[in-house]
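Worksheet: one structure, shown below.
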Amino acid sequence: MKKANLKSEEMKAVRDDILALTNSPLYDFRVENGYFPVVGEGNLDAHIVFVGEAPGKNEAEKDRPFCGASGRILDELLASIGMDRAKVYITNLVKDRPPENRDPSRDEIALYAPFLDRQIAIIEPRIIATLGRHPMKYIFERFGLSSKLKPISQIHGKGFKATGPHGEVTIIALYHPAAALYNGSIKKDLVKDFKILKKYV
Ligand code: URA
């Protein structure tokens, strides 16, 4: 495992590179609104990394992932299996807020995904849990699991073993917590899937 000070230096370099990303289509929107890019938060030695889609307004204002309504659901789900943010690492596929919370574009994903790759290489997690469709697609493809990709309703909560640059990793697709805000059955699925997740930690 890498030393703690090396990990924090490398993560700081990721942050600096994202801050300097003036060629991003989301850069002007960031600056005009006084937003932050949301790099990620948590334990650099975490066994598990959660990957959301992109920051919303609250997140971009506060420089914290999942700190709005969907973050409260995520905290509740973590607490339901005896975990909290200090034990995990939480980040997003796209680091800047897309206007009106629209889906990130293919180009935006291509531009920001290498930062996520670097973060995963720094943390070397045993488990990567994706939150929502976009991070699911990216991570499955990145880790050689394209043939396992199906609609999230068919593969959520299932662990898929893959080999990453740092060794074996289990990938689990989860629904995005925002989907549980107004849909009780998705909330129930998330609660069940977190129980499964716990078994891998
Ligand atoms: N939704 C996300 O995908 N990420 C966040 O950080 C907040 C909401």
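The values are calculated or read from the model by the stated rules, or taken from the named source; none is laboratory data. Nothing here was measured: the structure is a model prediction, and the numbers come from that model. Here the Cβ positions follow ideal geometry from the backbone for every residue, glycine too, while neighbour counts run over all protein chains shown. Surface areas here come from the heavy atoms of the whole protein model, side chains and all, with no ligands, DNA or RNA. Shrake-Rupley method; radii C 1.70, N 1.55, O 1.52, S 1.80 Å.
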How about region 51-69: which of its residues are under 18 Å from Tyr27 (Cβ atoms), near the ligand (Cβ under 6 Å from one of its atoms) and acidic (Asp, Glu)?
Glu59
Scanning for something under 14 Å from Ser70 (Cα atoms), in contact (Cβ under 8 Å) with a residue 24 or more places away in the chain and surrounded by 13 or more Cβ atoms within 10 Å (Cβ to Cβ), does region 155-173 turn up at least one residue?
no
Starting from residues that are more than 15 Å from the chain's Cα centre (by Cα) and open to solvent by 30 Å² or more (accessible area, probe 1.4 Å), keep the ones in region 70-83 and report whichever is farthest from the ligand (Cβ to nearest atom).
Gly82
Only one of these conditions is not met by Asn23: (1) of a type in the set (S, T, N, Q); (2) away from the ligand (no atom under 11 Å from the Cβ); (3) under 18 Å from the mean Cα position of the chain (by Cα). Which number is it?
(3)
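Specify which of the listed residues (Ala4, Ala79, Ala69) is farther than 30 Å from Val191 by Cα and of a type in the set (Gly, Ala, Ser).
Within the list Ala4, Ala79, Ala69, the selection yields Ala4.
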If I ask for residues that are open to solvent by 70 Å² or more (accessible area, probe 1.4 Å) and more than 16 Å from the ligand (Cβ to nearest atom), which ones from region 34-50 would you list?
His47
